[in-house]
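Undergrad: Let me give you the structure first, and then I'll get to my questions.
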Amino acid sequence: MSAITFAVQLLNGVQYGLVLFLVASGLTLVFGILGVINLAHGAFYMLGAYFAWWIAAYTGSFLMALIGGVALSFMLGLLLENVFVRRLYGRDHLAQVLLSFGLILVVDELRQILFGKDVYSVKPPPWLEGSIQLTDNLSYPVYRLALCLFCLVLAALIFYVIQRTKLGMIIRAGAENRDMTRALGIPFDSVNRYVFAGGIALAALGGILVSPISTVYPGMGDGMLILSFVVVVLGGIGSVAGAAIGALLIGLTDTFGKVFFPQVSSILIYVLMAGVLLWRPNGILGKREA
Amino acid sequence: MTELLAIRSLSGFYGASQVLHDVSFSVRRGEQVALLGRNGMGKTTLMKSIIGLLGDRRGGITINKLDMINAKPEAIAQAGVAYVPEGRGVFGSLNVVENLVMAARAGADGRRDWTLDRVFEVFPRLHQRRGNGGHQLSGGEQQMLSIGRALMTNPDLILIDEATEGLAPLVAQEIWRTLGVIRDEGIATIVVDKDLRSLSKIVDRTVLLSKGQIVFEGAPSELLAQPLLLEKHLGV
């Protein structure tokens, strides 16, 4: 493998990992702070992609699809938290699994009613079409590079909010001790609502961003849900930094696994997860048991 | 002094088990009250009832004349009550400054007397450790942080559960000194602690709990003058 081919695969792995991070960070925030296992997270990834296709088809603008898709998903998240999810806080995991599984069925049915079961494609913005020529016979799509950059900026923004703002401090405090946070006068119900809606919006954003490089199809969120859970477990439940490390590890392992070990590539990420959990049972940045 | 907290016929339950029985007392603005009793007599449950962390509580609780018996903890805190729990409740993943800043807000009447600088003035040790995570602090430092964090909410009343439990004598002295500062600021406190001698120097009134009921209420000097009561309910 030449250096340039290696660099392309590295870029692919990083780009895959960054998208995975966006989706998984939403899942880990909801899991870590609200204590809710949201099996429907992948369904919202799919819904985001369909929103993108739908809005882009009407407006002809990917940018509008991006903004509109995220806004719609965020509002849907607020509604779902208010009507259903808030009843799950403190309940056992079975109740959470049942409700979120029900949400998968509802979202899928909604997708069927609104968009049908056809496979769609979404065009990237015209200024991000085309490729950069790397060698005589090797090029790299501009959209993928822009996607990496966008995800990096967004990841930096997420880290800034979590680590440097008062909201982030409250979110971290709430993940550690919800009762104490409430006893300090922080309206944690509102925080929960926005964290859940933010998590849904991040899942949808992942779907929107990959829609120009993948196709939009029913069930596209199923694989993403499983991978996101692997990332969350690998990185440590509730840790956004852990999700970033886990997502990049998965992205690179999957990409290079397909290149170097194609026969066993499908199990490599699970081997990685098992290895990491043997080393650190609570994930890479997970909290240690007292 | 006007009435700040009024508790009327309060009962508290953990599931089917009743822990508080018909508890009634009040705290005036700026008043210092010691809540005494042996372990398991309902002191922590009473504190949790006041701050709203006990799910099943019945009777009456008013704070600044607002009915709070069914209020959520955040509403009670916003009405002017701060809570320093047993075990301190410091956020281990946040550093000292973050622990203080995340709680900062104006008091119920809009006051902003307590700022980060002011808390560091009262607890210079916290200033030295400002970049350290909550989990890296000693027990005494955690207690200072928990009290400092309560002050950052500019409260009218602070509930301090087990103020000096497990602390070295010198550190405990520092906590008592701080409670004196809080008293001088006109902030009311309800303090739970086993050190009756130190408590009696700073509080105006003592409330003695036994099996979830108040068995004595009065000035510290009155309580200290009743050795039989002390022996029976406090073992001193």
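The values are calculated or read from the model by the stated rules, or taken from the named source; none is laboratory data. It should be emphasised that the depicted structure is a prediction, and the values quoted were computed from it without experimental measurement. All Cβ positions, glycine included, derive from the backbone under ideal geometry; neighbour counts span all protein chains shown. Only protein heavy atoms, including side chains, enter the accessible area calculation; ligands, DNA and RNA are left aside. Shrake-Rupley method; radii C 1.70, N 1.55, O 1.52, S 1.80 Å.
Undergrad: Does segment A:67-90 contain at least one residue that is modelled with pLDDT of 90 or more, crowded, with 24+ Cβ neighbours inside 10 Å and either in contact with a Pro (Cβ under 8 Å, 6 or more places away or on another chain) or over 30 Å from A:Gly116 (Cβ atoms) (or both)?
TA: no
Undergrad: OK, next. Quick one: is B:His135 at pLDDT below 95 and under 22 Å from A:Leu184 (Cα atoms)?
TA: In short, yes.
Undergrad: Of A:Pro218, A:Pro262, which residue is out of contact with any helix residue (DSSP H, G or I) (no Cβ under 6 Å at 6 or more places or on another chain) and either under 25 Å from A:Leu103 (Cα atoms) or in a helix (DSSP H, G or I) (or both)?
TA: One residue alone meets the criteria, A:Pro218.
Undergrad: Look at segment B:136-147 and say how many of its residues are over 15 Å from B:Ser93 (Cα atoms) and surrounded by fewer than 18 Cβ atoms within 10 Å (Cβ to Cβ).
TA: The number of residues fulfilling the criteria is 1.
Undergrad: Out of the residues in segment A:163-180 that are more than 7 Å from chain B (Cβ to nearest Cβ) and either open to solvent by 50 Å² or more (accessible area, probe 1.4 Å) or of a type outside the set (Val, Ile, Thr) (or both), which is nearest to A:Ser239 (Cα to Cα)?
TA: Checking each candidate, the answer is A:Ala175.
Undergrad: Report the residue count in segment A:181-224 for those that are away from chain B (no Cβ under 14 Å), farther than 19 Å from A:Ser73 by Cα and touching a Lys or Arg at 6+ places or on another chain (Cβ under 8 Å).
TA: Matching residues across segment A:181-224 total 1.
Undergrad: Kindly provide the set of residues from segment B:85-99 that are among the hydrophobic types (A, V, I, L, M, F, W, C) and either more than 10 Å from every other protein chain (Cβ to nearest Cβ) or closer than 28 Å to B:Asp22 by Cβ (or both), ordered by number.
TA: Within segment B:85-99, B:Val96 is the sole residue that qualifies.
Undergrad: Just for segment B:76-99: of the residues that are farther than 23 Å from B:Val192 by Cβ and among the hydrophobic types (A, V, I, L, M, F, W, C), which one is most open to solvent (accessible area, probe 1.4 Å)?
TA: Restricting to residues being farther than 23 Å from B:Val192 by Cβ and among the hydrophobic types (A, V, I, L, M, F, W, C), the top hit is B:Val97.
Undergrad: Take B:Gly133 and decide whether it is within 12 Å of chain A (Cβ to nearest Cβ) and surrounded by fewer than 17 Cβ atoms within 10 Å (Cβ to Cβ).
TA: For B:Gly133, the condition - within 12 Å of chain A (Cβ to nearest Cβ) and surrounded by fewer than 17 Cβ atoms within 10 Å (Cβ to Cβ) - is met.
Undergrad: Separate question: Out of B:Leu116, B:Leu66, B:Leu53, which single residue is facing chain A (nearest Cβ under 10 Å), without any contact (Cβ under 8 Å) to a residue 40 or more places away in the chain and open to solvent by 40 Å² or more (accessible area, probe 1.4 Å)?
TA: That would be B:Leu53, the only listed residue that is facing chain A (nearest Cβ under 10 Å), without any contact (Cβ under 8 Å) to a residue 40 or more places away in the chain and open to solvent by 40 Å² or more (accessible area, probe 1.4 Å).
Undergrad: What is the number of the single condition among (1) more than 14 Å from chain B (Cβ to nearest Cβ); (2) in a helix (DSSP H, G or I); (3) touching a residue at least 12 places away in the same chain (Cβ under 8 Å) that A:Leu105 does not meet?
TA: Evaluating A:Leu105 over (1) more than 14 Å from chain B (Cβ to nearest Cβ); (2) in a helix (DSSP H, G or I); (3) touching a residue at least 12 places away in the same chain (Cβ under 8 Å) leaves (3) as the failure.
Undergrad: Considering segment A:257-280 alone, what residues qualify as being under 24 Å from A:Cys148 (Cα atoms) and surrounded by fewer than 18 Cβ atoms within 10 Å (Cβ to Cβ)?
TA: Within segment A:257-280, A:Lys258, A:Val259, A:Phe260, A:Ser265, A:Ser266, A:Leu268 qualify.
Undergrad: Can you go through A:Leu234, A:Leu202 and tell me which one is in a helix (DSSP H, G or I) and open to solvent by 10 Å² or more (accessible area, probe 1.4 Å)?
TA: A:Leu202
Undergrad: From B:Ala82, B:Ala34, which residue is within 14 Å of chain A (Cβ to nearest Cβ), under 25 Å from B:Gly166 (Cβ atoms) and either in contact with a His (Cβ under 9 Å, 6 or more places away or on another chain) or assigned to a strand (DSSP E or B) (or both)?
TA: B:Ala82
Undergrad: While we're on this one: Any idea how many residues of segment B:153-176 are within 15 Å of the chain's Cα centre (by Cα) and open to solvent by 10 Å² or more (accessible area, probe 1.4 Å)?
TA: 5
Undergrad: Turning to a different aspect of this structure: Might you let me know whether segment A:71-78 holds any residue that is farther than 25 Å from A:Lys123 by Cβ and either part of a loop (DSSP other than H, G, I, E, B) or of a type in the set (A, V, I, L, M, F, W, C) (or both)?
TA: Within segment A:71-78 (the criterion being farther than 25 Å from A:Lys123 by Cβ and either part of a loop (DSSP other than H, G, I, E, B) or of a type in the set (A, V, I, L, M, F, W, C) (or both)), the answer is yes, since at least one residue qualifies.
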